Amino acid sequence: MGRSTDNDVDRMRHDARVAGLRNFETPSLEAVERRRTQLWVRTAMGLIGVAAGLVIISRWPNEQLLVITAPTMRTAFLVIAGGFFVAAGLQEAHLGRLARALTDERVLTAALTNRLQEIELLLDAGREMSAILELPVLLDTILRSATDLLDAGGGSVMLMDKGELEVAKVQGRDEVLGSRVKLGEGVAGHVAMRREPIVIDGWADQELFPGLTEREPYVEHSMSVPLIDRGELYGVLNVNGPDGRPFTQHDLRALAVFAAQAAAAIANAQVYEAQRSQVAELRDRRARREAG
């Protein structure tokens, strides 16, 4: 990997030197484009200068120059012009390779920057979720972080309750809060039953997702991932895409990684709530015994 990178840099430096960028140290796509413009401007000016010189020679009042006939001048002009174009073409080829390499490097740098920002968001969300033990607050954090991570237009968190999925937190459709879905029913039930994430683009297939109900307003793009921790299913996380931008498989993988962190946080919060309920019940029993 390192050898390939060094070879690429050496090739870029060679192309830069051949193209006339003598002080090429740090890749600059703008410098290459300026050099390309300068190259063809100078080539055009050179050809104009040669043509003007030949015209002046042909009309110069000197009998010794009359031996230069019109065909000879045309031939000389074509030879000189060909030399100009060959030299310019060679430099253009080097500049073109250099521009493509710099463009690819810029695209790769932007992609890596986006990935680093995404990882940073995932880490921040994981730390924030792991520090929250109150389930309602945690669910709000999970949904907000998921929509921020993917620039989503809304979504919901559904938790397992008595063998069914219940909408425990929702963004954008408050009327569905508390509604329940059986395993295997609709998109969320399908994801919960198969324990596999899914991306939906366009209308969902009624045959693939039996029991699916039409949504109002219509959501064109969405993703659903199971919330699983240590083999136990805790629910399903759903996010809706913004208008006009479909989700990618990379988005789905990012949401799946986030969902694993969210499921672990939900498991901890449910254990905490169960323990708190037990403590409250013990205190209530003790208070009743003391009162009796």
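The values are calculated or read from the model by the stated rules, or taken from the named source; none is laboratory data. For clarity, every value in this text was computed on a predicted model and none was experimentally measured. Ideal geometry is used to build each Cβ from the backbone, glycine not excepted, and the neighbour counts take in all protein chains shown.
Among the candidates GLY231, GLY211, GLY178, single out the residue that is at pLDDT below 95, loosely packed, with under 14 Cβ neighbours inside 10 Å, within 16 Å of ILE266 (Cα to Cα) and more than 21 Å from the chain's Cα centre (by Cα).
Checking each option against the conditions leaves just GLY231.
Is there any pair with a first residue in segment 23-52 that is modelled with pLDDT under 75 and a second that is among the aromatic types (Phe, Trp, Tyr) and part of a helix (DSSP H, G or I) whose Cβ atoms are under 8 Å apart and which are 6 or more apart or on different chains, and what are they?
From residues that are modelled with pLDDT under 75, the pairs are VAL50/PHE77; VAL50/PHE84; ALA51/PHE77.
Scanning for something under 21 Å from LEU165 (Cα atoms), assigned to a strand (DSSP E or B), more than 26 Å from the chain's Cα centre (by Cα) and in contact (Cβ under 8 Å) with a residue 60 or more places away in the chain, does segment 271-286 turn up at least one residue?
Within segment 271-286, not a single residue is under 21 Å from LEU165 (Cα atoms), assigned to a strand (DSSP E or B), more than 26 Å from the chain's Cα centre (by Cα) and in contact (Cβ under 8 Å) with a residue 60 or more places away in the chain.
For segment 234-259, which residues satisfy the criterion of being modelled with pLDDT of 90 or more and on the phi > 0 side of the Ramachandran plot?
Of everything in segment 234-259, just one residue is modelled with pLDDT of 90 or more and on the phi > 0 side of the Ramachandran plot, namely GLY235.
If you go through segment 53-80, how many residues are surrounded by 11 or more Cβ atoms within 10 Å (Cβ to Cβ), in a helix (DSSP H, G or I) and either modelled with pLDDT under 75 or outside the structural domain of ALA31 (by TED's automatic domain parsing) (or both)?
So the count comes out to 11.
Inspect segment 228-251 for any residue being under 25 Å from LEU123 (Cα atoms), assigned to a loop (DSSP other than H, G, I, E, B) and of a type in the set (Val, Ile, Thr) and give the result as yes or no.
yes
Kindly list, by first and then second residue, each pair from a residue in segment 191-209 that is farther than 24 Å from LEU159 by Cβ to a residue that is in a loop (DSSP other than H, G, I, E, B) and among the charged types (D, E, K, R), limited to pairs with Cβ atoms under 9 Å and residues at least 6 apart or on different chains.
What qualifies is ASP201/GLU220; GLY202/GLU220; TRP203/GLU220.
Is it fair to say HIS190 is over 27 Å from the mean Cα position of the chain (by Cα) and at pLDDT 80 or above?
Here the answer is yes, as HIS190 does meet what is asked.
Only one residue in GLU128, GLU134 is surrounded by 12 or more Cβ atoms within 10 Å (Cβ to Cβ), modelled with pLDDT of 75 or more, within 30 Å of VAL170 (Cα to Cα) and over 32 Å from the mean Cα position of the chain (by Cα). Which one?
Of the residues listed, the single one that is surrounded by 12 or more Cβ atoms within 10 Å (Cβ to Cβ), modelled with pLDDT of 75 or more, within 30 Å of VAL170 (Cα to Cα) and over 32 Å from the mean Cα position of the chain (by Cα) is GLU134.
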